[in-house]
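Following: one structure in structure tokens, then a few remarks.
The values are calculated or read from the model by the stated rules, or taken from the named source; none is laboratory data. The structure presented is a predicted model; accordingly, all values stated were derived computationally and were not measured. Counting neighbours? That spans all protein chains shown, and the Cβs are built from the backbone with ideal geometry, glycine included. Ligands, DNA and RNA are stripped out before the accessible areas are found, and what is left, the full protein with its side chains, is counted by its heavy atoms. Shrake-Rupley method; radii C 1.70, N 1.55, O 1.52, S 1.80 Å.
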Amino acid sequence: MTDQQPNEALAMGNAGTVADSGTPAPPSTGTTGFGDEQMAREHAEASQEEHDQANRDLYGIEDYVIDETDEFLEESFRLLDEAIQDVEEKEAYELASFVNPDYITSKKFRIMFLRAERFDIPKTAVRIVKYWDRKVQLFGTDNAFKPLSILDFPAQDEVALWSAGLSLLNARDSVGRALAFCYRKYWDHRPESRDSMVRLLWIILHTAVEDNELVQVNGIVFLMANDMSSQAGTSETCKAAPPTSHFDRSLHHWLWHDGQVLPFRCSGIHHFTPQSDLLTFIYNRSGLFFMGRNFRLLYRRYNGTTAENMERIEEYGLTSSMVPTELGGDMILDNSAWIQARMQRDMHILSMQQQAKSTG
């Protein structure tokens with residue numbers, strides 16, 4: 001057990017501004033991509049502390065635990081309030097605080113962000129402010145300032161939601177980490193569905209961490225795969241275009257961008273792909289760039305035989321029973337399970353709210 005005091009430095013950085021609507025285009029990278037040489041150099045330049053933390057996350061090692069005493073948490077919440085006030089641009093956060101202050105400032109909501117940043121107060125403040133910037137962009141002011149509900153998703157998101165391109169697996173590893181599945185074969189590749197795919201990421205990660213302290217502390221592991229077949233999806237609207245269409249630069253940018261503002265910890269990114277896969281080359285040159293340095297330290301690629309891949313991933317505490325059959329594991333993917341569970345949860349909450357209003 002390691003005692004840790006919350007970081008008392010205050011966040012002074014620019015937290016970004018609120019767009020009028022929709023998802024803006026990603027900034028120009030000014031680079032041709034991020035290849036193996038850059039990855040090797042970045043890993044070599046990382047500090048020993050960064051490597052140690054990445055290994056703890058990847059292997060699910062629980063040798064560094066923050067002692068969340070009542071006193072520690074109260075001090076963390078106090079310092080977080082001060083740090084948020086010092087973030088210069090926070091229009092969406094201030095609007096959210098005005099519309100629904102009980103939810104925005106609740107300890108249940110804020111502790112997810114604190115755990116995501118291991119109680120680094122300045123980073124937590126910036127993450128929260130950026131979270132509200134993006135939530136307004138994606139969900140609009142009608143739905144942004146209340147708890148995320150799958151019942152509020154627009155009809156245009158139905159294809160992405162049921163496609164299984166992004167899914168929450170019905171399993172946990174031995175230390176309680178949640179498992180998320182990203183399979184480009186099933187993605188909704190239509191350009192007009194980019195925001196739908198990003199909103200899907202939001203509801204998946206919220207579903208994983210909400211009301212689950214163990215996942216908040218130990219994180220989420222991502223299992224990813226490409227597919228070069230002629231069919232990409234489970235419906236007519238998800239049919240594949242040419243192979244390179246599997247890499248949507250704008251969509252990848254916002255998926256990885258929002259992964260840095262949502263209240264969760266990433267505990268590993270395991271990417272399954274044949275060595276000769278054209279998309280692997282494309283992904284290495286561009287996708288890894290959008291991933292960002294922190295995620296890249298947690299990235300592992302698998303391009304061996306099925307047996308070799310399963311043997312290697314077991315080193316990280318993931319058995320074949322936790323890996324979908326699409327990747328060579330034994331788990332039968334049931335995308336509807338988490339969706340139906342989330343719908344039941346949100347319908348119950350809505351019913352309770354309506355009952356409270358009628359009796360109030």
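Counting only residues that are among the hydrophobic types (A, V, I, L, M, F, W, C) and in a loop (DSSP other than H, G, I, E, B), which one in segment 320-333 is most open to solvent (accessible area, probe 1.4 Å)?
Residues of segment 320-333 that are among the hydrophobic types (A, V, I, L, M, F, W, C), as a first pass: 322-323, 327, 331-333.
Filter once more, keeping what is in a loop (DSSP other than H, G, I, E, B): 323, 332-333.
Numbers: 323: 1, 332: 128, 333: 40 Å².
Step by step, filter segment 320-333, then rank; the result is 332.
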Scan of segment 153-212 for residues that are in contact with a Ser or Thr (Cβ under 9 Å, 6 or more places away or on another chain) and of a type in the set (S, T, N, Q), ordered by number = 156, 163, 174, 193
Within segment 114-126, which residues are within 15 Å of residue 76 (Cβ to Cβ) and buried (at least 22 other Cβ atoms within 10 Å of the Cβ)?
-> 114, 115, 116, 119, 121, 124, 125
Just one of the numbered conditions (1) small (Gly, Ala, Ser); (2) outside any loop (DSSP other than H, G, I, E, B); (3) modelled with pLDDT under 75 is not true of residue 54; which one?
-> (3)
Out of (1) surrounded by 16 or more Cβ atoms within 10 Å (Cβ to Cβ); (2) touching a Gly at 6+ places or on another chain (Cβ under 9 Å); (3) more than 27 Å from residue 207 (Cβ to Cβ); (4) modelled with pLDDT under 95, the one residue 87 does not meet is (4)
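Determine which member of the set 135, 130 is part of a helix (DSSP H, G or I) and open to solvent by 20 Å² or more (accessible area, probe 1.4 Å).
Values: 135 fails: open to solvent by 20 Å² or more (accessible area, probe 1.4 Å).
Selected residue: 130, the only one of 135, 130 that is part of a helix (DSSP H, G or I) and open to solvent by 20 Å² or more (accessible area, probe 1.4 Å).
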Condition broken by residue 146, with the remaining ones in (1) part of a loop (DSSP other than H, G, I, E, B); (2) open to solvent by less than 20 Å² (accessible area, probe 1.4 Å); (3) of a type in the set (Lys, Arg) satisfied | (2)
For segment 158-175, state whether one or more residues are over 17 Å from the mean Cα position of the chain (by Cα), free of Cβ contacts under 8 Å to residues at least 60 places away in the same chain, open to solvent by 20 Å² or more (accessible area, probe 1.4 Å) and over 21 Å from residue 253 (Cα atoms).
-> yes
Given the conditions (1) hydrophobic (A, V, I, L, M, F, W, C); (2) in contact with a Cys (Cβ under 8 Å, 6 or more places away or on another chain); (3) more than 24 Å from residue 139 (Cα to Cα), report the number of the one that residue 187 does not fulfil.
-> (3)
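In segment 142-157, which residues are among the charged types (D, E, K, R), out of contact with any Phe, Trp or Tyr (no Cβ under 8 Å at 6 or more places or on another chain) and farther than 15 Å from residue 198 by Cβ?
Looking only at segment 142-157, we keep the residues that are among the charged types (D, E, K, R), and these are 142, 146, 152, 157.
Subsequent filtering for residues that are out of contact with any Phe, Trp or Tyr (no Cβ under 8 Å at 6 or more places or on another chain) retains 142, 157.
Within segment 142-157, just 142 meets the criteria.
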Out of segment 98-113, which residues are among the aromatic types (Phe, Trp, Tyr) and closer than 15 Å to residue 74 by Cα?
-> 109, 113
Mind counting the residues in segment 306-319 that are in a helix (DSSP H, G or I) and surrounded by fewer than 19 Cβ atoms within 10 Å (Cβ to Cβ)?
-> 8
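Quick check, is residue 200 in contact with a Pro (Cβ under 8 Å, 6 or more places away or on another chain), open to solvent by less than 10 Å² (accessible area, probe 1.4 Å) and modelled with pLDDT of 90 or more?
Working: in contact with a Pro (Cβ under 8 Å, 6 or more places away or on another chain): no; open to solvent by less than 10 Å² (accessible area, probe 1.4 Å): yes; modelled with pLDDT of 90 or more: yes.
Taking the combined requirement at face value, the residue does not satisfy it.
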